[in-house]
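The values are calculated or read from the model by the stated rules, or taken from the named source; none is laboratory data. Here the structure is a predicted model, which is why all the values come from computation and not from measurement. Cβ: placed from backbone, ideal geometry, glycine included. Neighbour counts: every protein chain shown. Each accessible area value is taken on the protein alone, full model and side chains, heavy atoms only, with ligands, DNA and RNA left out. Shrake-Rupley method; radii C 1.70, N 1.55, O 1.52, S 1.80 Å.
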Amino acid sequence: MRRQDERLREICSEHAYREGALLPILHQVQQEFGCVSEDAERVIANCLNLSRAEVHGVVSFYHDFRSQADDRPEVQICRAEACKARGVEALIAGAEKTAGSRVRLSTVYCLGLCSVGPNARIGDDMQSRLNSARLAELIERA
């Protein structure tokens, strides 16, 4: 744990010059450790002279951050109003069945491709105009 705390302090110092350093720090911590744990929140809060509640509020607000590591591939499915109007809800049951416990499905609200929904994201890869077969294929490949 001590080594992790040292790395967390290094990450904080790498971004200390930035205004609004919290989000870049959280993204780097998530990328390196697979999560932003309660211990990481404490270290980050201490480094930035914030309360743990302030850090936790940001961590819990954004869907990109997890409190526990999860090595499964993730498929984010947009369930915002535009994708709902284009039929995303009819795809969810099939997606859950295809994913099983091997792939983590996450709901997000707007991936920014509203005119070509339903949409999903796997890593940095955005997919649009999804139907059941195409979404199942994406999940299988994840």
Per-residue ³J(HN,Hα) for the stretch 47-53, Karplus 6.51 cos²θ - 1.76 cosθ + 1.60, θ = phi - 60°, Hz, x for Gly and Pro:
4, 9, 6, 10, 7, 4, 4
Helix-derived mean residue ellipticity, 222 nm - over the chain, DSSP H n ≥ 4, -39500 (n - 2.57), to 500
-15500 deg cm²/dmol
Segment Ser101-Lys84, extension gain: residue separation times 0.36 nm, minus the distance between their alpha carbons
3.7 nm
If packing is taken as the average count of other Cβ atoms within 10 Å, what order do 77-89, 103-115 fall into, highest mean first?
77-89, 103-115
From the backbone phi of the stretch 107-119, what are the Karplus-calculated ³J(HN,Hα) couplings (6.51 cos²θ - 1.76 cosθ + 1.60, θ = phi - 60°) in whole Hz, Gly and Pro given as x?
8, 10, 10, 5, 9, x, 10, 4, 7, 10, x, x, 10
Cα shape, the stretch 58-142, gyration tensor, a/c 1.5 rule
oblate
Protection proxy ranking, peptides 68-75, 27-34, 94-101, average beta carbon neighbours within 10 Å, highest first:
27-34, 94-101, 68-75
Solvent exposure of the stretch 74-141 as accessible area per residue, Å², 1.4 Å probe
54
Calculated FRET value between Ser60 and Cys110, using beta carbons and R₀ = 25 Å, to 0.05
0.85
Which of the three applies to the chain, rounded, prolate or oblate, going by the alpha-carbon gyration tensor with a ≥ b ≥ c and a/c under 1.5 meaning rounded?
prolate
Whole-Hz Karplus ³J(HN,Hα) for the stretch 85-90, in order, using 6.51 cos²θ - 1.76 cosθ + 1.60 and θ = phi - 60°, x for Gly and Pro?
5, 9, x, 4, 4, 6
With the full set of protein chains in place, find how many percent of the accessible area of the stretch 49-141 is carbon and sulfur; take the probe as 1.4 Å.
48
